[in-house]
Amino acid sequence: MLRAWQAECAAQAIEKFTSNKHSHFFCQATPGAGKTVMAAEVASRLFEQGMIDLVLCFSPSLTVAEGMKKTFSWKLECSFNGGLGSLGGSYTYQSIRFLEQNFWNTVSKYRVLVVFDEIHHCSFDDEGRSNSWGLEIVSKIQGFARYTLALSGTPWRSDRLPIVMAEYSDPEGKVVCDYQYGLQQAVEDEVCRRPKIVLIDNEHLSIKAGSDNQHFASILDCLKQSDVSYQSVIHNEDAMNYILNSGCRKLAQLRQKSPSAGGLVVAASIKHAKDIQKRLVEHFNQSACIVTYHHDNPLHEIESFRHSTVQWIVSVGMISEGTDIPRLQVCCHMSSVKTELYFRQVLGRILRINDSPNQEAWLYTFAEESLIGFAERIEQDIPESCLFIKSNEQTEESDKAQSFTPTDLSNDKIMVSGESSIQLNWSKIDGVQNAFYSDFEGYDELRLGDFKQRVIATFT
């Protein structure tokens, strides 16, 4: 059975497609709302009305592509592997350039619906500001597709380049969506969980550089007033233990009512992830698996976790968007990627509703300036800071969220600008295990020894 928004969006897409011979439809729906099911419904109705012969789906990763294949196969009640008797196939954007000309010659003979998931990964405009995926779409797909359906939970790019096939308002430069379904609507409709974001700070940081000592009252002050980088925070032993302890205690609380509830840790590197997994198992007595881009079969690892009761999965760049694991309800965000797009996509992993009695969703991260801003703006569907306003004259910015390739850090110590002798020390806390308060409701800020927590409860 379709959710109300899925039925409404599918109906509007069909209406647009039937009123235009060659049409494009852009849907923005918050991460976790069920965009893939809606897209499969559109495809099913187009088949029923005799308007298409094939469906091609493209997405940014193998994990997402596999999920789309399963959903479309279920919805269309047939195989969806691109083989004989199939009604289509699911591919990654990376694979477009490797599909042979015979493939394009064949599909061009049919009426095709092309679905682009997480379309914000693909940029293109007439002034040459494009990436390879956007160029491939324009050169190989846009011309033959009878209908195109673009999906995104976060319809903007960190480099502020235009998204391929998207329209923008003038002069604001805001993306124009045919249908929009925001997080607040999804929470009110009980389609998504209501997120609570916990910003972890520390009141007594000290930096030792030779014989000199500097003291800071917060993470924000430390990062602004010293050469210490955010990497030093997420790799600090006390900081890691504290955020993991917080996440473990919250997960234990949730599993009292929902025994299968799971947690996600987003790590900065493979070495970082292995360290975190070891801490979870040996220090916190948790069951934990790990999935990275170095695994031979990461899809198998993710699928195994999805259907298990393992408490934690530690990921490096693998479970950030489009991955459907509804039992995830707690996330410890310790990634070095600090873009609003990436933050929202990670948050979306714990917002999918399931049939568990407890539907809380908690994300823990550190009170760094960018992350504070992202958390405070989570109630905005498309934040003002993410509007497309970039011109050719503006300085190019790297799009870390879209082109992020994790790297294995060779050194988990302090990472600073040219000063290897600097050490960052967090004030020790006596009895962290016993000092933790499990119930945050009704509080804006909680003090735990030298640590403090600010809880942002959305849509209250």
For Thr92, the residues 5 or more places away or on another chain with a placed amide H closer than 5 Å to its own amide H are Ser59
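Roughly what % of DSSP beta bridges within the range 4-187 run antiparallel, to the nearest 5?
So the antiparallel bridges in the range 4-187 amount to around 10 percent.
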What percent antiparallel are the DSSP beta bridges of the chain, to the nearest 5? 35
Degrees between helix 237-255 axis and first principal axis of the chain (Cα, 0 to 90, nearest 10): 60
Could you check the simple spin-label distance between His294 and Gln225, using points 7 Å along Cα→Cβ, in nm with one decimal? 3.8
Residue-by-residue Karplus 3J(HN,Hα) for the range 306-316, coefficients 6.51, -1.76, 1.60, Hz, glycine and proline x: 4, 9, 9, 10, 4, 6, 10, 10, 9, 10, 10
Of the candidate values [x] 40, 24, 20; [y] 36, 23, 21; [z] 55, 31, 23, the one computed for semi-axes √(5λ) of the Cα gyration tensor in Å from this structure is [x]
Interchain or sequence-distant (5+) residues whose placed amide H lies within less than 5 Å of the amide H of Val314 are Val265, Cys289, Ile290, Val291
Students often check this: by mean Cβ neighbours within 10 Å, which of 169-177, 251-259, 133-141, 239-247 ranks highest, and how do the rest follow? 239-247, 133-141, 251-259, 169-177
Rounded to whole angstrom, the alpha-carbon centroid of the range 78-108 lies from that of the range 122-189 at a distance of 22
Net charge dipole size for the chain [Lys, Arg +1 and Asp, Glu -1 on Cβ; Debye, nearest 20]: 1160
In Hz, Karplus ³J(HN,Hα) per residue of the range 77-91 (6.51, -1.76, 1.60; θ = phi - 60°; x = Gly, Pro): 6, 7, 5, 9, 10, x, x, 4, x, 7, 8, x, x, 10, 9
Mind jotting down the distance between the C-alpha centroids of the range 229-246 and the range 1-75, whole Å? 41
So, over other residues within a Cβ distance under 12 Å of Gln256, counting Lys, Arg +1 and Asp, Glu -1, the net charge is +3
So, by mean Cβ neighbours within 10 angstrom, what's the order for 299-307, 228-236 with the highest one leading? 228-236, 299-307
Just going by the charge dipole of the chain, with Lys and Arg at +1 and Asp and Glu at -1 on Cβ, which of Ile382, Gln253, Leu199 is farthest out on the positive end? Gln253
For His204, distant residues with modelled amide H under 5 Å away: Ser427
Dipole magnitude of the range 4-187, debye to nearest 20 (Cβ charges: Lys/Arg +1, Asp/Glu -1, about Cα centre): 360
Rounding to the nearest 20 debye, state how big the charge dipole of the range 240-284 is about its Cα centre with +1 on each Lys and Arg Cβ and -1 on each Asp and Glu Cβ. 80
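Rule-based calculations on the coordinates, nothing more; no lab input. This structure is a prediction, so every number in the text was calculated from the model and none was measured. Positions of Cβ are generated from backbone atoms using ideal geometry, with glycine treated the same way; all protein chains shown enter the neighbour counts.
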